[in-house]
Amino acid sequence: MEFSPDVFLNHLAQTSPHPLLIPIERAEGIYLYSPDGKKYIDLISGIAVSNIGHRHPQVVQAIKAQLDKHLHVMAYGEYIQSAPNLLAKKLAELLPANLNCVYFVNSGTEANEGALKLAKRFTGRTEIISFHKSYHGSTHGSLSVSGNEVKKNAFRPLLPEVRFIEFNNPLDLKQITDKTACVIVETIQGDAGVRIPSREYLHALRKKCSETGALLILDEIQCGMGRTGKLFAFEHYGIVPDILTIAKAFGGGLPIGAFISSKEIMNSLTYDPMLGHITTFGGNPVCCASALATLNVIEEDKLLDQVERKGKLIENLLQHSGIREIRRIGLLFAIDFDSADRVQKIVEEAIKNGVICFWFLSCPNSFRIAPPLTISDEQIATACDVIKKAIDKAYS
Ligand SMILES: Cc1ncc(COP(=O)(O)O)c(C=O)c1O
């Protein structure tokens, strides 16, 4: 019963007609294990979550320590608890001076919901600018600012006054005006198939937002937490957002997200009306303890120092005449082929042979690779060998 496909398919809501249906009993480091002993390399980190591997011992220990103190005690924002306090202090130390005030939530989409409300409230404006092919989450607000028309259409009406512009196209920046409350953008577009903007573009975007008074929201839910080789991807570009959103890998495997801004901006949710944004479970102490341990692991194990070298190693090992393009920043890859059908065959074959790769939401001709940053050179070689054989087979 534990791993019954019948229960899974009939009693758990399904997100697609063709789930992977791989039974997973436990996970450790870069590996997932099935009850029959089959071992998989998780080359996507559970979609950009397990950046420090599964069940990192320091994270497990921090969770256990918090379990022995207390679990939930009160809805967000009333009692002083050590875990959220310590995590907020750590974030303020790691981030630029204007990102000194954090609101903890439970997921990525919630972080973006909070950020959008905050921007509207602070600026007193209503228009939001977002980007074609972006993905910001599945709740109504985040879906409204996501770029995938097919996924959105069935759920209209969505938020009004949302405009979409082209990513990395400086000509479109003129659409940002003094009517714009905020621009929400993934620093690196993830589900569009790893689209990396130019330095000049992001500087022009930052400048335009500052000139018009529109707040710049950087969504680093997928590309943050060391994935690109810096703790936050915006550090590659020398720009700073007005609001930063994070989630996924932030919790080290537990659900937590956050939107972060200056204290001045964040105060607009506190007054007039008070309780401008509320959540029961946001800042859950166990999740905060896990997130703090995760940040400490990234720092103490100097994981960021190895990201670029490992990324290059994978890129070199994956050279194959069938690949059209590899788009990469750090350890975030899109591997591009001539058709979605080819991608389907390669991903299925790789999984069959114990290496988990996965698709993108808005880029059917590519598959994603985003391994734990802790992956070793030997494990990289093994995984790349499996993928190359899968590519060979798809072209045979
Ligand atoms: C860039 C980005 N923003 C937001 C989200 C939504 O996060 P969640 O699934 O935790 O709601 C995702 C999830 O894939 C994402 O990649």
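Coordinate-derived values only; no laboratory data. Here the structure is a predicted model, which is why all the values come from computation and not from measurement. All Cβ positions, even for glycine, are placed from backbone atoms using ideal geometry, and neighbour counts span all protein chains on display.
Data table
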{"read-out": "Residue tally, condition away from the ligand (no atom under 16 Å from the Cβ) and buried (at least 18 other Cβ atoms within 10 Å of the Cβ), over the range 43-62", "value": "7"}
{"read-out": "The range 319-331 residues that are among the β-branched types (V, I, T), paired with ones that are exposed (fewer than 14 other Cβ atoms within 10 Å of the Cβ) (beta carbon under 9 Å, 6 or more apart)", "value": "I326/Q319"}
{"read-out": "Any hit, the range 340-350, residues being touching a residue at least 12 places away in the same chain (Cβ under 8 Å), assigned to a loop (DSSP other than H, G, I, E, B) and surrounded by fewer than 18 Cβ atoms within 10 Å (Cβ to Cβ)", "value": "no"}
{"read-out": "Single match in V355, V307 (criterion: closer than 21 Å to K39 by Cα and surrounded by 20 or more Cβ atoms within 10 Å (Cβ to Cβ))", "value": "V355"}
{"read-out": "Residue within the range 257-273 that is within 16 Å of the ligand (Cβ to nearest atom), assigned to a loop (DSSP other than H, G, I, E, B) and over 15 Å from A62 (Cα atoms) present", "value": "no"}
{"read-out": "Matching residues in the range 359-377 - criterion: being crowded, with 22+ Cβ neighbours inside 10 Å, among the aliphatic types (A, V, I, L, M) and within 16 Å of the ligand (Cβ to nearest atom)", "value": "I369, A370"}
{"read-out": "Residues being touching a residue at least 40 places away in the same chain (Cβ under 8 Å) and under 20 Å from the mean Cα position of the chain (by Cα) - total across the range 201-251", "value": "29"}
{"read-out": "Count of residues meeting criterion [farther than 23 Å from K208 by Cβ and either among the polar types (S, T, N, Q) or within 12 Å of the ligand (Cβ to nearest atom) (or both)] in the range 126-140", "value": "3"}
{"read-out": "Count of residues meeting criterion [over 30 Å from V105 (Cα atoms) and among the charged types (D, E, K, R)] in the range 282-327", "value": "8"}
{"read-out": "Selection within the range 233-249 - part of a loop (DSSP other than H, G, I, E, B) and buried (at least 24 other Cβ atoms within 10 Å of the Cβ)", "value": "P241, D242, A247"}
